[in-house]
Every structure is written in structure tokens, then in C-alpha cells.
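K.L.:
Attaching a single structure in C-alpha cells format; questions to follow.
The values are calculated or read from the model by the stated rules, or taken from the named source; none is laboratory data. No experiment lies behind these values; they were computed from the predicted model shown. Please note: Cβ atoms are built from the backbone with ideal geometry, for glycine as well, and neighbour counts cover all protein chains shown. Each accessible area value is taken on the protein alone, full model and side chains, heavy atoms only, with ligands, DNA and RNA left out. Shrake-Rupley method; radii C 1.70, N 1.55, O 1.52, S 1.80 Å.
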Amino acid sequence: MSDMTEIVKRISGVNPRKCMKCGKCSAACPAYDEMDYHPHQFVDMVENGRLEELMDSKGIYMCLSCFACLERCPRSVEPAKLIEAVRLAVVRQQDKNHLKPEQIPGLLDAELPQQAITSAFRKYRK
Amino acid sequence: MTYSYFPGCTLKTKGKDLDIWGRASMEALGVTLEELPQWQCCGAVYPQAKDEIATKLSSVRALVSARDQGRDLVTLCSACHHVIKRVNCDMAQDEYIRTRANNYLQLETPYAGETKVLHYLEVLRDEIGFDKLKEQVKRPLAGRKIGAYYGCLLLRPSKELKFDDPENPTIMEDFIRALGAEPVVYAMRNECCGGYTTLENKPYAAKQAGKVLDNAANCGAAEIITACPLCMYNLKENGGGRLPVKYFTELLAEALGVKEAEA
Ligand code: SF4
Ligand code: SF4
Ligand code: SF4
Ligand code: SF4
């Protein structure tokens, strides 16, 4: 896992050690209640090599990519990038896609914009 | 004045109203949006990881195509704008991404972020000017109380998007004012509506949409405008019909008298 932690740090470009643990990212996060680990915990847990727990968390699929945490972090740690990198670490593994094409027809409705499907594919599978 | 224009796939299908009224209004203002001869979907989410290159290439192709025509590139969908603008920043600033993308594309002239990317609203504000726009209004929307919904993608990250003040934006309110209506400012206008999770967690997307609409209604808005087809879907379909939601271009077409002319 330590290799994986390094990869996550590298592809996200995030240096968790810059974090001053103020919690502003989590306070700003609209998905806070939906996440088992919150943005500031992602930062802390990556720093402490607890990647496996993060990879098993449902929070990686609940992040909205709204960039509130990234915009409002006073230390430019950019937690959103870390959350995306952890999600990629999961979905890039074989058979670990979170969304399968077979599931799509059941999720469609008449008004759903293409954007919703395209973005879901891009976020949840590789 | 002619700009290159990237409509995006949603604007060709479910988001047609955003595109149709956007083009018709610009024509009325004497500006031509010329659709890029070939374009591919930008992918709808900006790939944040440094090693994601292939997923950025469709945006690079659009940027190169505009450069080769010697034009600025105009976007309309919030998501397209977000993705293309950020990929452009990468091409200008991130040597690793620039080198890898250029290696792959093998262009005659390598691309390094030269194209200027403008959102439609930025064209109205910075190229035409809201005062000039106001002069062109044929049917002022007097007495209408309208809440601007910014969402996230136009504003953040502000150091790349450079669209407006991310915490206290004014561009859409100024737009509403130019059309003769009254803008309603409310706290949730730059908070996420949760649209991206509509497939994953619909109850949550609906809850967030409800918060946005309640807040706008409580502050006195009678209608909402957006630039994002996903916000539109989420606020309208998941939001329980609390307030009518329109694309900002439809409002513009109404005020310019373009809508009646076409109907
Ligand atoms: S980007 Fe994700 S983690 Fe950050 S504030 Fe938004 S939802 Fe929360
Ligand atoms: S806002 Fe930034 S500095 Fe504060 S806890 Fe979050 S990541 Fe750390
Ligand atoms: S962001 Fe949306 S509309 Fe724009 S090209 Fe991509 S999916 Fe299509
Ligand atoms: S759908 Fe949500 S994520 Fe997209 S711009 Fe609208 S508010 Fe933001």
C-alpha cells in the first residue's frame, strides 16, 4: 500500500503535509453527511498511509467535484484532487468499475442530459 | 464579430434550448458563433489526475481548431466551459501534460494554450458590455424577480476559471439587471446542486436541489436561471417544481424580442 500512497500523492499533486487541520474543507463540503470519511480526513489518512480504508469508503463516489474544498482551503491543499486520485486508484483496477454499461438503461429517464451519463462514466470507470 | 463556438453534446440533444436561444440572441446582437467544424464531447468532467492525458485530448483538439482559425473559443454549457478552460490552463502551464498531449497529437504547430476561452456570459460582459446589451433590449423584463444559479463549474477553481469572484459573483445579476429584471441574491447560488450524483444517489441530489430552490424562493425569487444542463435537470426534475427554471439564454432571447420573432 505504501507504493499506492505514493502514486495517489503523485497523480493528485497533493502534498498532505501542507494541511494545517483547520477543517474548513469539510465545513464547506456539501456532501459531508453522505461521506464516511470527510475531505480533511482524506488528507490526514493519505499522510498516514491509511489508503486501504479510503479505497473501501463510499465517500469516493459521493464527492460532487464541486471544488468548494479546493477553493476554500487556506493552504491550497486541494482535497478534491486527492479524493479523485483515490477513486482512480480503485476504478483503474481490473473489474473494479463502479458503473457498468448494463446498468445504464435502468438509470435513464426522458429528461436526463447526456452530461449526466458521460460524467458518470468518466468518474466511475476506466 | 465572429467567434469559434463549442456547443457540446448535451446542447445538441437535451439542452437544445440553451443552444438555440444562445445563437439566436448573439445573432441579434451582431455576433456570429461559428460552430467548430469538428468537435468531440469534452467528457463533462475535468480529469484532475496529472497522468490523465487521453481524456483531455478532445478539449485540446477543440482549442487547436479555434487557434487554427485565428479565433477565440466561446462555450456555453458550464461543464464544457469548465473542462475546456482548465485543459487550456494545463496546456499553457503544465509541461508534462503539454508534452504528452502534443506527442500524441503530432500537430504541425504544437499547442501551448494560445487560444482564449470565453464563456458566453463573458462575451456579454467583456466584449459587448452590459450597458450595450441594455440598449438592445426590446422587451424589458420589468417586475420579474430572478435568482441566478451559478453552481460550481463556472466559478471554481477561481484561479483557473477567472470568471468572477467565487464567493460573491455578480455577472449573472448584472446580466439580469441589463434585461430590466430584478436579480435576487441568495446564499445557495454558488453552492453545488448535487447534480453529478443523480445516477448514484438520487435522493441526495434531490435534497440538494430542494435546498437551492427553497433558499431562492425564501429570498423572493420567482424564477431561476442557469447555464448548466445538469443543474437544469436536477433543479427541474429532482427539485419538485418549486420554482420555474430557465436557461439564461432563453431569458436573453425573450428580452431581445428574438423569441417571439421565432415562435
Ligand atoms: S469537491 Fe467533493 S469533497 Fe470537495 S467539497 Fe465538493 S463534494 Fe466535498
Ligand atoms: S481546508 Fe485545507 S488546511 Fe484546512 S483541513 Fe482542509 S485541507 Fe487541511
Ligand atoms: S460537458 Fe456536457 S455538453 Fe459539454 S461536451 Fe461535455 S457532456 Fe457534452
Ligand atoms: S450540476 Fe452541480 S456540479 Fe454541475 S454545475 Fe450544477 S451545481 Fe455544480
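K.L.:
Among the residues of the stretch A:56-78, which ones are more than 16 Å from ligand 4 (Cβ to nearest atom) and at pLDDT 95 or above?
P.N.:
Residues satisfying the conditions are A:C73, A:P74, A:R75, A:S76, A:V77, A:E78.
K.L.:
Output the residues belonging to the stretch B:217-259 that are free of Cβ contacts under 8 Å to residues at least 40 places away in the same chain and of a type in the set (D, E).
P.N.:
B:E237
K.L.:
Please indicate, with yes or no, whether at least one residue in the stretch B:77-88 is more than 16 Å from ligand 3 (Cβ to nearest atom), open to solvent by less than 40 Å² (accessible area, probe 1.4 Å) and either without any contact (Cβ under 8 Å) to a residue 60 or more places away in the chain or not charged (D, E, K, R) (or both).
P.N.:
No, every residue in the stretch B:77-88 fails to be more than 16 Å from ligand 3 (Cβ to nearest atom), open to solvent by less than 40 Å² (accessible area, probe 1.4 Å) and either without any contact (Cβ under 8 Å) to a residue 60 or more places away in the chain or not charged (D, E, K, R) (or both).
K.L.:
I'd like to verify a number: residues in the stretch A:10-23 that are closer than 13 Å to A:A80 by Cα and surrounded by 17 or more Cβ atoms within 10 Å (Cβ to Cβ), how many?
P.N.:
Of the residues in that region, 4 qualify.
K.L.:
Next question, about the same structure. Which of the helices (runs of 4 or more DSSP H) found entirely inside the stretch A:1-74 contain at least 2 residues meeting this: within 13 Å of ligand 2 (Cβ to nearest atom) and under 18 Å from B:V45 (Cβ atoms)?
P.N.:
A:68-72
K.L.:
What number of residues within the stretch B:182-204 satisfy the criterion of being touching a residue at least 60 places away in the same chain (Cβ under 8 Å) and more than 9 Å from every other protein chain (Cβ to nearest Cβ)?
P.N.:
0
K.L.:
Next question, about the same structure. Restricting to the stretch A:54-67, what's the tally of residues that are more than 16 Å from ligand 3 (Cβ to nearest atom) and either open to solvent by 10 Å² or more (accessible area, probe 1.4 Å) or at the interface with chain B (Cβ under 7 Å from one of its Cβ atoms) (or both)?
P.N.:
Looking only at that region, the number is 6.
K.L.:
Now, a different point. Considering only residues that are β-branched (V, I, T) and open to solvent by less than 10 Å² (accessible area, probe 1.4 Å), which ones fall in the stretch B:54-63?
P.N.:
Result: B:V60, single match.
K.L.:
Where in the stretch B:15-127 are there helices (runs of 4 or more DSSP H), lying wholly inside it, with at least 2 residues that are within 16 Å of ligand 1 (Cβ to nearest atom) and not hydrophobic (A, V, I, L, M, F, W, C)?
P.N.:
Ranges flagged: B:78-93.
K.L.:
Let me ask something else. Read through the list (1) open to solvent by 10 Å² or more (accessible area, probe 1.4 Å); (2) within 14 Å of chain A (Cβ to nearest Cβ); (3) without any contact (Cβ under 8 Å) to a residue 24 or more places away in the chain, then give the number of the only condition that B:A49 fails.
P.N.:
The one condition B:A49 does not meet is (1).
K.L.:
Of everything in the stretch B:79-113, what is at pLDDT below 95 and either within 16 Å of ligand 4 (Cβ to nearest atom) or of a type in the set (G, A, S) (or both)? Give them in sequence order.
P.N.:
The answer is B:A79, B:C80.
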